Protein chains: 2
Amino acid sequence: MKTADPELMRAMNRLSVLDTIRRRGPISRVEISERTELSTTTVSAITGSLLDDGLILTRHEGDIRNEAVRGRPRVMLEVNPDAARVVGAKIAASRMVFVVTNFRGDVLSQLALPIRIDRQPIAVIADLVEDGVRRCVVDAGLSLEDVDSVCLGLPGVIEHRTGHIRSSPIFREINIDFAAEMSTRLSTPTIVESDAHAITLGHHWFGKARDLEDMVLISLEQTLGLGVLHGNRLFRGAGGLSHNLGDLVLGMGPQGIVRLSSQAGESAILGEQQTDGRFAEAVRLGRGMTHVQALIQADDDRLIGAAVRAGEAVGLTIANIVTLFAPPRVILVGSSLALGEPFLNSLRDAYALAIPPSLKGVSELVFDDSTDDFWAQGAAAVALYELYESPWSTTGPAL
Amino acid sequence: MKTADPELMRAMNRLSVLDTIRRRGPISRVEISERTELSTTTVSAITGSLLDDGLILTRHEGDIRNEAVRGRPRVMLEVNPDAARVVGAKIAASRMVFVVTNFRGDVLSQLALPIRIDRQPIAVIADLVEDGVRRCVVDAGLSLEDVDSVCLGLPGVIEHRTGHIRSSPIFREINIDFAAEMSTRLSTPTIVESDAHAITLGHHWFGKARDLEDMVLISLEQTLGLGVLHGNRLFRGAGGLSHNLGDLVLGMGPQGIVRLSSQAGESAILGEQQTDGRFAEAVRLGRGMTHVQALIQADDDRLIGAAVRAGEAVGLTIANIVTLFAPPRVILVGSSLALGEPFLNSLRDAYALAIPPSLKGVSELVFDDSTDDFWAQGAAAVALYELYESPWSTTGPAL
DNA sequence: GAATTTAATTTGCACCTCGAATTAAATAGC
DNA sequence: GCTATTTAATTCGAGGTGCAAATTAAATTC
């Protein structure tokens, strides 16, 4: 149980106000007061302190209501884009994408490195990541000292509180304190987070879940991941672990345990094509899914079969997740969506079949084919969220 | 985002202190201060108000530390058992159990009604429940006016916030506002809660999870239920729904979807024996599991087979739940545990096989064969928790 | 240019927690 | 049996927080 003191109280209300300003664009104090249910007095005090800290800006035009309303016009407030800068990154087996964003989450620069880092030693990966961050920052016309925080999103099981990577398909080692390693390399606070969590928060901030406070996201990539938004916050599991959906068991087959990853993981689908030389080359370069897409459109029977099986497995899994969490919306993301209609149709069919009657209609399936930038932007949102929450410097007593 | 004001702050700290007193038995103010990280000043103020409200009592003996410590002796504080009384109930298809407890959760009276209410019209069930509550209250030497709150735990999908029953195996109807119905009948605030949630909180208060703030419980009865404790609170799913594990899909069989309930539900196991007349009679009376136990000990092959299959299905499911929540402990409860070693062994084996290597050892399986009283006591804990949280009358300004 | 209307700030108050000082209640030593 | 010592608990004053009411600010209407 967390102990409550005036400081916590202020932090909660500050976050509430700041988040309202971020989400509702330019907004007046009165409207903030209505939305947050804080008195106008308190809103004035808090926005005053946010203005002092330079986190928000005033704008005197832009009251969109009917022209010609009487009375003193509302002063609109908005997040100050230049209050901070963060780096967000998506680190995958065959590519890395970096973005630099401002305090509002707008992308200032973007850098994609199509490098296979799969199973390289840690030091090599760390080198590449460090290099990518530095280059992306320079591209934005900034220096690393201008960057307040970095968030790296990567696949696997990650302990958020400590930044430990329990296991990840891109590392040979396990139990790595990657956050500490990168923090010292970059001399900037660095957060390590599951890529699925990153894009979950990304959708909450910028994407297809802006209107919701509860939601579930399923990421279908090399690894199958899960993100749960609960009460406008990421639900990070009991121990702060990220969820690794691929480890879920679908049943007992003749060869023993059948895990989801063996049916719907990227390698499970691509594996069917290993005999083809050109194809293997494409996979090695991280373009497997693009290639697959072409083959499927050319009616490759074996691949279509694999896609259908994968869709079925994922559809059943989603039904189970919905049974447990009953979210109003499920967002599906990831490279496997490129499998196209055979995959999506069998997924939808399996879901419809598997969803229990009592939950029929409570959850809406949404497919999202955002590019890797969006994942990186989500990681930036994770970094920004921690800045929004932190008390900042000038919160102290009035002068 | 909840808006924070001094009142909320006080409520949080009050709950924190009161809960510490409940859990750590007679405890001194200094120790409360250490545990809650509140100053002794604040603890004194809060305990003072709790004493004024009559929720706690002082005890001047009982400082258990070494005899002959110097200094002013600590005054021990404990929950006042007589500050309130609540009724907790477990409503199942073939029986109802009621308990009356005091403010500490001690059972004052207990009443078991072995009646089959399965699929009766609502009015009949409501009559029986009302009757049970009233009789149990009288047995405790009390009148309904002495009772502050009632909590009914029953199987199915229940929306906690509203008290709506979305679906339950014991009702023919769906979408019933049972909480409102019983509140007016008893003219006492009545909460309707999933039985699995009730016993989950029961274990947190009195049972095998007193030492944990995160935990998962799986109930194996007519219905298969799930309770998740997260940060000392019940996790009630995104929409406040309870979880119905039986609806989980295990895979696709030749006849279509295979749900957990078809492998491990009470009726799935008992169903194997429908030809036996005496057995059918036992089932009708709600003693199926007891009977099954006897048959298994007599080496009934068909039943042992069913038990093994059920254990396997449950073991896989638990592995999946652990993959999602990574709790330090999983508690298994419910009548199906009576299936004995064949069931438990195959469950353990399947779990060991299905748990992903990266999560091996993070979760401990605990089997609990508590009787129905304990479920009812858990329901009482749900009712008590809401009383503990509520601000009470005298919280107001100091006089 | 005065009246009206609405926005935002200032003022005064009640409440909360906390550190320091004070009071309370026991033991230890002579 | 008295005082010194030790520890527990309360009291006091300061600083922070939010809110309602009163006040000031900035526009439109007539």
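Looking at B:Arg172, is it of a type outside the set (Gly, Ala, Ser), assigned to a loop (DSSP other than H, G, I, E, B) and open to solvent by 60 Å² or more (accessible area, probe 1.4 Å)?
Values: of a type outside the set (Gly, Ala, Ser): yes; assigned to a loop (DSSP other than H, G, I, E, B): yes; open to solvent by 60 Å² or more (accessible area, probe 1.4 Å): yes.
Spelling it out, B:Arg172 is indeed of a type outside the set (Gly, Ala, Ser), assigned to a loop (DSSP other than H, G, I, E, B) and open to solvent by 60 Å² or more (accessible area, probe 1.4 Å).
Restricting attention to the range B:190-235, and to residues there that are of a type in the set (S, T, N, Q) and closer than 14 Å to B:Ala92 by Cβ, which single residue is nearest to the chain's Cα centre (by Cα)? Give the derivation first.
Taking the range B:190-235 first, the residues of a type in the set (S, T, N, Q) are B:190, B:194, B:200, B:219, B:222-223, B:232.
Narrowing the set further to residues that are closer than 14 Å to B:Ala92 by Cβ leaves B:194, B:219, B:222-223.
Values: B:Ser194: 8, B:Ser219: 10, B:Gln222: 16, B:Thr223: 15 Å.
Out of the qualifying residues, it is B:Ser194.
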Can you name every residue in the range A:202-223 that is touching a Phe, Trp or Tyr at 6+ places or on another chain (Cβ under 8 Å) and open to solvent by less than 10 Å² (accessible area, probe 1.4 Å)?
-> A:Gly202, A:Val216
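Looking for something among the β-branched types (Val, Ile, Thr) and surrounded by fewer than 18 Cβ atoms within 10 Å (Cβ to Cβ) - is there at least one such residue anywhere in the range A:94-104?
Kept after step one, since they are among the β-branched types (Val, Ile, Thr), are these residues of the range A:94-104: A:97, A:99-101.
Next, only the ones that are surrounded by fewer than 18 Cβ atoms within 10 Å (Cβ to Cβ) stay: none.
The answer is no; no qualifying residue exists.
Consider A:Gly141 carefully, then state whether it is open to solvent by less than 10 Å² (accessible area, probe 1.4 Å) and either farther than 21 Å from A:Asn102 by Cα or not hydroxyl-bearing (Ser, Thr, Tyr) (or both). Let's see the steps before the verdict.
On the way: open to solvent by less than 10 Å² (accessible area, probe 1.4 Å): no; either farther than 21 Å from A:Asn102 by Cα or not hydroxyl-bearing (Ser, Thr, Tyr) (or both): yes.
Answer is no for this residue.
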Go over the candidates B:Glu145, B:Glu159, B:Glu173 one by one and state the one that is free of Cβ contacts under 8 Å to residues at least 12 places away in the same chain and not aliphatic (A, V, I, L, M).
-> B:Glu145
B:Glu130 vs (1) within 22 Å of B:Gly265 (Cα to Cα); (2) away from chain A (no Cβ under 14 Å): all pass except (1)
Do we find that B:Asp177 is acidic (Asp, Glu) and within 14 Å of chain A (Cβ to nearest Cβ) in this structure?
-> no
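From the set of residues in the range A:25-48 that are among the polar types (S, T, N, Q) and open to solvent by less than 20 Å² (accessible area, probe 1.4 Å), which is farthest from DNA strand C (Cβ to nearest atom)? Write out each step before concluding.
From the range A:25-48, those among the polar types (S, T, N, Q) are A:28, A:33, A:36, A:39-42, A:44, A:47; that's our starting set.
Filter again for open to solvent by less than 20 Å² (accessible area, probe 1.4 Å), leaving A:28, A:33, A:36, A:47.
Details: A:Ser28: 4, A:Ser33: 8, A:Thr36: 13, A:Thr47: 6 Å.
So the residue we want is A:Thr36.
This table checks each residue for (1) away from DNA strand D (no atom under 16 Å from the Cβ); (2) in a helix (DSSP H, G or I); (3) hydrophobic (A, V, I, L, M, F, W, C); (4) within 13 Å of chain B (Cβ to nearest Cβ).
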| site | (1), (2), (3), (4) |
| --- | --- |
| A:Gly311 | yes, yes, no, yes |
| A:Leu344 | yes, yes, yes, no |
| A:Val362 | yes, no, yes, yes |
| A:Asp369 | yes, no, no, no |
| A:Trp375 | yes, yes, yes, no |
| A:Ala379 | yes, yes, yes, no |
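Would the range A:356-367 turn up any residue that is of a type in the set (Asp, Glu) and more than 21 Å from A:Thr223 (Cβ to Cβ)?
Applying the first criterion (of a type in the set (Asp, Glu)) to the range A:356-367 yields A:364.
Next, only the ones that are more than 21 Å from A:Thr223 (Cβ to Cβ) stay: A:364.
Within the range A:356-367, one or more residues are of a type in the set (Asp, Glu) and more than 21 Å from A:Thr223 (Cβ to Cβ).
Per-residue answers, yes or no, for (1) in contact with a Gly (Cβ under 7 Å, 6 or more places away or on another chain); (2) of a type in the set (Ser, Thr, Tyr):
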site	(1), (2)
B:His197	yes, no
B:Ser219	yes, yes
B:Phe235	no, no
B:Leu241	no, no
B:Gly256	no, no
B:Leu260	yes, no
B:Gln263	no, no
Does B:Asp195 meet the test of being over 24 Å from B:Gly132 (Cβ atoms) and touching a residue at least 24 places away in the same chain (Cβ under 8 Å)?
-> no
In this structure, does B:Glu389 turn out to be farther than 30 Å from A:Ile165 by Cβ, open to solvent by 20 Å² or more (accessible area, probe 1.4 Å) and either within 14 Å of chain A (Cβ to nearest Cβ) or away from DNA strand D (no atom under 16 Å from the Cβ) (or both)?
-> yes
Restricted to the range B:71-102, and to residues that are farther than 29 Å from B:Ser187 by Cβ and of a type in the set (A, V, I, L, M, F, W, C), which residue is nearest to DNA strand C (Cβ to nearest atom)?
-> B:Val75
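Can you confirm whether A:Ser370 is modelled with pLDDT under 95, surrounded by fewer than 24 Cβ atoms within 10 Å (Cβ to Cβ) and within 16 Å of the chain's Cα centre (by Cα)? Lay out the reasoning, then the answer.
Values: modelled with pLDDT under 95: yes; surrounded by fewer than 24 Cβ atoms within 10 Å (Cβ to Cβ): yes; within 16 Å of the chain's Cα centre (by Cα): yes.
Considered against the rule, which asks whether it is modelled with pLDDT under 95, surrounded by fewer than 24 Cβ atoms within 10 Å (Cβ to Cβ) and within 16 Å of the chain's Cα centre (by Cα), A:Ser370 comes out as yes.
The values are calculated or read from the model by the stated rules, or taken from the named source; none is laboratory data. A quick note: this is a predicted structure, and the numbers were derived from the prediction, not measured. Counting neighbours? That spans all protein chains shown, and the Cβs are built from the backbone with ideal geometry, glycine included. Note: areas computed on protein heavy atoms with side chains; ligands, DNA, RNA excluded. Shrake-Rupley method; radii C 1.70, N 1.55, O 1.52, S 1.80 Å.
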